[in-house]
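Down below is the structure, laid out as structure tokens.
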Amino acid sequence: MATKTSRGLRNLNPGNIRLSKVRYKGERQHSTDPAFKQFESIEAGYRAIFVLLHTYRVRGYADSIATIISRYAPPSENNTQAYIRQVCKATGIDSNKTLDTKSKEEMVPIVCAISQVENGIAADKKAVERGWEMFVADF
């Protein structure tokens with residue numbers, strides 16, 4: 001029996017980032033998905049998650065798993081508290097710890113956990129790490 005690929009993975013958008021005016025490196029110009037961005041590679045999709053989470057921190061919107069996930073996956077669309085618990089359990093990071101979004105040791109596990117919550121399967125850690133390298137090359 002064939003396994004159905006999640007929408008996020010089909011779109012090479014493992015974070016299920018919604019369409020917006022913000023343009024990311026590696027984003028396809030014209031998404032065929034009516035609601036979500038599509039990327040040219042899975043690594044570009046992971047890079048976009050790192051960029052988005054870093055933007056939350058530097059703009060003062062969010063700086064912990066609790067505040068990041070509350071903004072990233074709001075209660076109007078998600079079971080945000082369950083999402084926070086899943087990310088904390090997967091990473092071993094306290095929900096209220098202030099994060100350094102330029103720390104590979106903190107952010108790679110967080111993005112792996114976000115991808116797993118969004119897609120229902122474990123993230124390819126090597127692809128996440130390649131996305132991280134793309135992110136740090138620009139920031």
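Please determine whether any residue of region 42-62 is farther than 25 Å from LYS4 by Cα, in contact with a helix residue (DSSP H, G or I) (Cβ under 6 Å, 6 or more places away or on another chain) and not in a helix (DSSP H, G or I).
Taking every residue of region 42-62 in turn, at least one turns out to be farther than 25 Å from LYS4 by Cα, in contact with a helix residue (DSSP H, G or I) (Cβ under 6 Å, 6 or more places away or on another chain) and not in a helix (DSSP H, G or I).
Given the structure, is ILE69 buried (at least 19 other Cβ atoms within 10 Å of the Cβ) and either at pLDDT 95 or above or closer than 25 Å to GLU27 by Cβ (or both)?
yes
Looking for something within 13 Å of the chain's Cα centre (by Cα), under 18 Å from ASN13 (Cβ atoms) and among the β-branched types (Val, Ile, Thr) - is there at least one such residue anywhere in region 117-136?
Yes, that holds for at least one residue.
Keeping to region 117-132, report how many residues are assigned to a helix (DSSP H, G or I), within 15 Å of SER41 (Cα to Cα) and either modelled with pLDDT under 95 or among the hydrophobic types (A, V, I, L, M, F, W, C) (or both).
3
Being part of a helix (DSSP H, G or I) and without any contact (Cβ under 8 Å) to a residue 24 or more places away in the chain, is that true of even one residue in region 107-116?
Yes: region 107-116 contains one or more residues that are part of a helix (DSSP H, G or I) and without any contact (Cβ under 8 Å) to a residue 24 or more places away in the chain.
Among the numbered criteria (1) within 13 Å of the chain's Cα centre (by Cα); (2) over 21 Å from ARG23 (Cα atoms), which one does GLN81 miss?
With (1) within 13 Å of the chain's Cα centre (by Cα); (2) over 21 Å from ARG23 (Cα atoms) applied to GLN81, the lone miss is (1).
Taking GLU118 as the residue in question, decide whether it is surrounded by 16 or more Cβ atoms within 10 Å (Cβ to Cβ) and charged (D, E, K, R). Working first, answer last.
Details: surrounded by 16 or more Cβ atoms within 10 Å (Cβ to Cβ): yes; charged (D, E, K, R): yes.
Taking the combined requirement at face value, the residue satisfies it.
Do the conditions hold for PRO34, that is, is it touching an Asp or Glu at 6+ places or on another chain (Cβ under 7 Å) and either in a loop (DSSP other than H, G, I, E, B) or at pLDDT below 95 (or both)?
no
If you check LYS102 against the conditions, is it more than 21 Å from GLU27 (Cα to Cα), within 15 Å of the chain's Cα centre (by Cα) and either at pLDDT below 95 or of a type in the set (Lys, Arg) (or both)? Lay out the reasoning, then the answer.
Values: more than 21 Å from GLU27 (Cα to Cα): yes; within 15 Å of the chain's Cα centre (by Cα): yes; either at pLDDT below 95 or of a type in the set (Lys, Arg) (or both): yes.
Considered against the rule, which asks whether it is more than 21 Å from GLU27 (Cα to Cα), within 15 Å of the chain's Cα centre (by Cα) and either at pLDDT below 95 or of a type in the set (Lys, Arg) (or both), LYS102 comes out as yes.
The values are calculated or read from the model by the stated rules, or taken from the named source; none is laboratory data. This structure is a prediction, so every number in the text was calculated from the model and none was measured. Here Cβ is always computed from backbone atoms with ideal geometry, including for glycine, and neighbour counts include all displayed protein chains.
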